[in-house]
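Right, one structure below, let's go through it.
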Amino acid sequence: MKRAAFDFRLYAITGENYHPGRDLIDVMEAAIRGGADIVQLRDKETPPSGLLAKARALRELTRRYGVTFIVNDYPELALAAEADGVHLGQEDMPIAAARRMLGEGKIIGISTHSIEQARAAVRAGADYIGVGPVHPTPTKPGRPAAGLEFVRQAAAEIAIPWVAIGGITLDNADEVLDAGARRLCAVSAIVGSPDPEAASRAFRERIAAREANDGPIPLRLNGRDTETTARTLGELIERHGLADRRIVAEVDGEIVARSEWGRTPLRAGMAVELVHFKGGG
Ligand code: TZP
Ligand code: MG
């Protein structure tokens, strides 16, 4: 997944303590089949030496499904496992240092617990931010809830992809979406479910239902300000009757492969260039 086209809807994070007796890869595969489009390896128990095998197995799985793969905590592990990026906490290495290690091609996400931290993360060049914990959660003991107010603040002013996290379940997902979230993240509600595939599918349906009611998205198309009710680059291209034509699509200056068009959500303020090649030899 190229950084420029990077976006997602449902973020599934590993939590092996929530599925004793069930295999990590099987559980995460079920989550992906249900619609998780980004997966993070988060494992505070296994020493780094033992994490590489898990990271490689998840890389293989996510590559097979075309899903983004992120490693928590360890940029060097992200590199070794050819992950798409790393997720940092406020106490981990600064974004600038991780960027130097990982280069411009990798995704860097960071957990934020207040709007001030969220603003700082945007300024520091994060590719996405976690917004939470929305509710207190045993998955992150000792971290007080930031609450729905933080979700509302993020919705009002954060322009990069941001995801609500922390204690989100199918019972409270709607209030998080009401507060303005359009990307959800869960550990226990997905991997701790007896049916992670059904859980993921239900989360995706909630998100999709909300998006269907959202208004048009303002963007720049071939240099002109416009708005669209299309939700993905693929839909936009189809609506312009260009799906079967020889075109190159660029988002924010980076070419997006045809295979990614349908999985590239449109966001407010994006610059889209559709270059149509005529003629030929
Ligand atoms: N960061 C903020 S809350 C959290 C993390 C990793 C844990 C979310 O887990 P759950 O089980 O979905 O509440
Ligand atoms: Mg961390």
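Every condition in (1) within 22 Å of Glu175 (Cα to Cα); (2) touching a residue at least 40 places away in the same chain (Cβ under 8 Å) holds for Asn213 except the one numbered (2). Scanning segment 269-281 for residues that are out of contact with any helix residue (DSSP H, G or I) (no Cβ under 9 Å at 6 or more places or on another chain), at pLDDT 90 or above and farther than 24 Å from Ile158 by Cα yields a single hit, Val275.
Of the residues Arg245, Arg239, Arg182, the single one that is in the same structural domain as Gln40 (by TED's automatic domain parsing) and either basic (Lys, Arg) or over 19 Å from the mean Cα position of the chain (by Cα) (or both) is Arg182. Exactly one of these conditions fails for Pro141: (1) within 16 Å of ligand 2 (Cβ to nearest atom); (2) of a type outside the set (A, V, I, L, M); (3) at pLDDT 95 or above. Give me its number. Tallying (1) within 16 Å of ligand 2 (Cβ to nearest atom); (2) of a type outside the set (A, V, I, L, M); (3) at pLDDT 95 or above, Pro141 fails exactly one: (3). Entry remark, segment 43-84: residues being within 14 Å of ligand 2 (Cβ to nearest atom) and either in contact (Cβ under 8 Å) with a residue 60 or more places away in the chain or among the aromatic types (Phe, Trp, Tyr) (or both) number 1 in total. A single entry from Leu266, Leu242, Leu233 fulfils the requirement of being surrounded by 14 or more Cβ atoms within 10 Å (Cβ to Cβ), touching a residue at least 12 places away in the same chain (Cβ under 8 Å) and out of contact with any helix residue (DSSP H, G or I) (no Cβ under 7 Å at 6 or more places or on another chain): Leu242.
The values are calculated or read from the model by the stated rules, or taken from the named source; none is laboratory data. No experiment lies behind these values; they were computed from the predicted model shown. Every residue, glycine among them, receives a Cβ derived from its backbone with ideal geometry; neighbour counts consider all protein chains shown.
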